[in-house]
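What follows is a short report on a single structure.
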Amino acid sequence: MILRTSLIATASAGALILSLNAGFAADLYDNGGGYQQPTYNGNPPADWTGLYMGPMLGYIWGNIDPDSGAEVDVDGILLGGFAGYNFQAGSLVFGGEADLAITSMDGSEGGTDGDADWTGSIRGRLGYAWDRHMIYGTAGLGFLSADVDLGGASDENTHVGLVAGAGFESMVNSSFSARAEYLYSGYGEKDYGAFEADANSHAIRAGLGYHF
């Protein structure tokens, strides 16, 4: 009697397990018999393709080096804007960007004064995107408007050179992104009349982009 009761209980438990497994398996397949991909309820990956623009704020420092007189260390705040266009192929993002900013860069050393009114650049960008984030490298042409006074002889020139850097950008929502980047610029020599001078700069910048 005990053996018969045990066999009935075991058979009943086995039937229950089989029915539960069958129900679980049915949930993994759709009505057509195909496997159902698990539902993802998070934010979709960002689409970086298209036109964008926005403001930026940062800190810039460097030096202006006349061929006679003291090298002048200059630094200050920059405030400006940027605009560009992205293309995207899978995780690869590439495009072009231009920026322009006014600066408060100035400095003085050994009777030589230097300052810069504005800076700008035209650059290519190449990045790797995942989820809603992107890291990128950038390089192109840089511009710096410098004013140098060496012992009473002063002049203003726009220096042109090469710029390169890297940054990180993240989509806040479907329209806005936030970024942080570093740029180094080395500018060519310019004639200031009584002397010649070259310049370089480093910049750390933060920006907020609007994507159309």
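Residues in segment 188-201 that are over 19 Å from ASP75 (Cβ atoms) and not aromatic (Phe, Trp, Tyr) were compared, and the one that is least open to solvent (accessible area, probe 1.4 Å) is GLY188.
Would you check which residues across segment 28-52 are of a type outside the set (Asp, Glu), surrounded by fewer than 18 Cβ atoms within 10 Å (Cβ to Cβ) and either part of a strand (DSSP E or B) or at pLDDT 90 or above (or both) and list them? Residues satisfying the conditions are TYR29, TYR35, THR49, GLY50, LEU51. Residues considered: ASP147, ASP106, ASP117. Of these, the only one that is open to solvent by less than 60 Å² (accessible area, probe 1.4 Å), part of a strand (DSSP E or B) and under 22 Å from ILE60 (Cβ atoms) is ASP147.
Sort out which residues of segment 156-178 are in a strand (DSSP E or B), among the polar types (S, T, N, Q) and under 16 Å from MET53 (Cβ atoms), and write them in order of number.
Hit for segment 156-178 is SER177, nothing else.
Please verify whether segment 129-141 includes one or more residues that are in contact with a Lys or Arg (Cβ under 8 Å, 6 or more places away or on another chain), of a type in the set (Val, Ile, Thr), open to solvent by less than 50 Å² (accessible area, probe 1.4 Å) and assigned to a strand (DSSP E or B).
Among the residues of segment 129-141, at least one is in contact with a Lys or Arg (Cβ under 8 Å, 6 or more places away or on another chain), of a type in the set (Val, Ile, Thr), open to solvent by less than 50 Å² (accessible area, probe 1.4 Å) and assigned to a strand (DSSP E or B), which makes the answer yes.
The residue of segment 51-71 that is nearest to GLU156 (Cα to Cα), among those that are of a type in the set (Ser, Thr, Tyr) and out of contact with any His (no Cβ under 8 Å at 6 or more places or on another chain), is SER68.
Looking across segment 150-164, the residues that are buried (at least 17 other Cβ atoms within 10 Å of the Cβ) and within 15 Å of TYR187 (Cβ to Cβ) come down to ASN157, HIS159, GLY161, VAL163. Restricted to segment 61-103, and to residues there that are among the charged types (D, E, K, R) and open to solvent by 80 Å² or more (accessible area, probe 1.4 Å), the residue that is nearest to LEU183 (Cα to Cα) is ASP73.
Being in contact (Cβ under 8 Å) with a residue 60 or more places away in the chain, farther than 25 Å from MET171 by Cβ, touching a strand residue (DSSP E or B) at 6+ places or on another chain (Cβ under 7 Å) and not hydroxyl-bearing (Ser, Thr, Tyr) is a description that does not apply to GLY54. Residue by residue through segment 119-156, note down the ones that are among the polar types (S, T, N, Q) and in contact (Cβ under 8 Å) with a residue 60 or more places away in the chain. Matches in segment 119-156: THR119, SER121. Among the residues of segment 166-187, are any open to solvent by 40 Å² or more (accessible area, probe 1.4 Å), under 14 Å from ILE64 (Cα atoms) and among the β-branched types (Val, Ile, Thr)? Looking for residues that are open to solvent by 40 Å² or more (accessible area, probe 1.4 Å), under 14 Å from ILE64 (Cα atoms) and among the β-branched types (Val, Ile, Thr), one finds none in segment 166-187, hence no. Among the residues of segment 89-103, just one is assigned to a loop (DSSP other than H, G, I, E, B) and free of Cβ contacts under 8 Å to residues at least 24 places away in the same chain, namely GLY90.
The values are calculated or read from the model by the stated rules, or taken from the named source; none is laboratory data. What you are looking at is a predicted structure, and each value in this text was computed from that prediction instead of being measured. Cβ coordinates were reconstructed from backbone atoms using ideal geometry, including for glycine residues, and neighbour counts include every protein chain displayed. When the accessible area is computed, the model is the full protein with side chains, heavy atoms only, and any ligands, DNA or RNA have been set aside. Shrake-Rupley method; radii C 1.70, N 1.55, O 1.52, S 1.80 Å.
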